[in-house]
Amino acid sequence: MAERIRYVGQLYDANRLVDVWCKDWKNTLADVPEWYADLIPDRVLAYLDPPYLEKSQKLYQTSFGAQGGYPDAPVSDLQWDDNLLHYRLAEYLNHRMQFRWILSYDAKPELLLDSGLYAANRMDPNRIDRELLGVKRWNIAKRVVTLRYTASARQGRGAAEEVLITTLPPSTVPLNDDFRSVSSILKSEATSS
Ligand SMILES: C[S@@+](CC[C@H](N)C(=O)[O-])C[C@H]1O[C@@H](n2cnc3c(N)ncnc32)[C@H](O)[C@@H]1O
């Protein structure tokens, strides 16, 4: 970890990094337009890699647990069936985000079927946010990718899949063997139910 922090320092010294913020996702996203107003809306891209919908309390000390944000409680005390923060993040990205975003998640059909998560194919800001903050009605593209370097792949449990969801312009989002359509995940859900 110390080595990774030193590396961040080197990037900063080389002018390859302008800022490092350590704060909750919502404050971070809300502060970007304030600090980098000139780059909004098209010259900023947020990459978000939130805790997985499943199993995240086992993986991260600070998962999207019941208490929200960065809970003080030990991991074992978290109530993982409370998915509130996943819904809050989706609500923010689908309705209020002022710049482009790309999001990675575990490849769960419910993520793409639930209208409170990422079922929509277009952002849907309200009129006030459109007019006052300039929030756009960007298209939302979704792809499935295979992770080649995960622990599950190394342990022979098969390659894991993730979904990428993004408001990058559709013409820039590839559709090929590496960035596949999400229909395979949705079909497997339809056959199993
Ligand atoms: C999937 S991991 C990200 C891994 C990272 N992309 C990397 O490659 O090291 C999810 C991260 O979200 C962080 N996290 C949890 N709750 C958060 C919150 N409310 N705001 C910001 N980050 C949060 C966790 O600490 C965890 O490091």
Item to check | Sequence ranges 19-25, 167-173, ranked by mean other-Cβ count within 10 angstrom, highest first | outcome: 167-173, 19-25
Item to check | Burial ranking of peptide ranges 5-12, 27-34 (average Cβ count within 10 Å, highest at the top) | outcome: 27-34, 5-12
Next on the checklist: How much length would be gained if the chain were fully extended between D177 and D129, taking 0.36 nm per residue of separation minus their Cα-Cα distance, in nm to one decimal?
Outcome noted: 13.5 nm
Next on the checklist: For the pair D24/I102, report the inter-label distance in nm, with labels modelled 7 Å from Cα in the Cβ direction.
Outcome noted: 2.8
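Throughout, read-outs are computed from the coordinates displayed, never taken from laboratory work. Worth saying up front: this structure is predicted, and the values here are computed from it rather than measured. Cβ: placed from backbone, ideal geometry, glycine included. Neighbour counts: every protein chain shown.
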